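Visitor: Below is the structure I would like to discuss, written out as C-alpha cells.
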C-alpha cells in the first residue's frame with residue numbers, strides 16, 4: 001500500500017487523511033509512506049526533476065527529497081540549507097524512519113545556524129534521493145526545492 005500525507009488540512013486532519021486518501025499519481029516534493037508485506041524493489045518513472053515550490057502547513061508535513069543528489073544537513077554557512085523556506089526559520093525539526101532499527105531519527109533546526117542531529121541520530125546528516133521525511137513547521141511556509 002502507498003499512503004501520502006495531506007496538504008492544507010492541519011495537523012490532526014493530516015494524520016486522518018494520510019491513511020484514507022486514494023490517488024493516481026505521485027507529486028514532486030510530496031512524501032509517501034509505503035507498506036509492504038515483504039522486501040521488494042520499486043521502480044518509478046516520470047519526468048526529469050526540476051525546481052519546485054512546496055507549500056508547508058503549520059504542524060507536520062510529509063515531504064519527499066525530490067533531487068537525484070543527496071544534500072548535507074549542518075551549519076548553513078558551510079553546507080547551505082536544502083530545506084530553504086520562506087519565511088526563514090519556519091521549520092523546527094525533521095524526522096526520517098530507519099527501517100533497520102525500526103526507529104525514527106531526528107534533526108533539529110537551530111535558528112540562524114542550521115541542522116543538528118538529535119541525541120541518538122548522529123548518522124542523520126543528509127537528505128537522500130527518493131526518501132520521505134516528516135518536517136515540523138512552526139507556521140505556514142513555502143519550501144523552494146532546487147534540484
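Visitor: Among the numbered criteria (1) more than 18 Å from residue 31 (Cβ to Cβ); (2) without any contact (Cβ under 8 Å) to a residue 40 or more places away in the chain; (3) in contact with a strand residue (DSSP E or B) (Cβ under 8 Å, 6 or more places away or on another chain), which single criterion is violated by residue 125?
Guide: Of (1) more than 18 Å from residue 31 (Cβ to Cβ); (2) without any contact (Cβ under 8 Å) to a residue 40 or more places away in the chain; (3) in contact with a strand residue (DSSP E or B) (Cβ under 8 Å, 6 or more places away or on another chain), only one is false for residue 125: (2).
Visitor: Find the strands (runs of 3 or more DSSP E) located wholly in region 1-82 whose residues include 2 or more that are farther than 19 Å from residue 139 by Cα and at pLDDT 70 or above, and list them.
Guide: Details: elements: 2-4, 32-34, 52-56, 59-64.
It comes to 32-34.
Visitor: Could you tell me whether residue 82 is farther than 22 Å from residue 121 by Cβ, touching a strand residue (DSSP E or B) at 6+ places or on another chain (Cβ under 6 Å), surrounded by 15 or more Cβ atoms within 10 Å (Cβ to Cβ) and in contact (Cβ under 8 Å) with a residue 24 or more places away in the chain?
Guide: Details: farther than 22 Å from residue 121 by Cβ: no; touching a strand residue (DSSP E or B) at 6+ places or on another chain (Cβ under 6 Å): yes; surrounded by 15 or more Cβ atoms within 10 Å (Cβ to Cβ): yes; in contact (Cβ under 8 Å) with a residue 24 or more places away in the chain: yes.
No: the conditions fail for residue 82.
The values are calculated or read from the model by the stated rules, or taken from the named source; none is laboratory data. All of these numbers come straight from a predicted model, not from anything done at the bench. Reconstructed Cβ throughout: ideal geometry from the backbone, glycine too, with neighbour counts over all protein chains shown.
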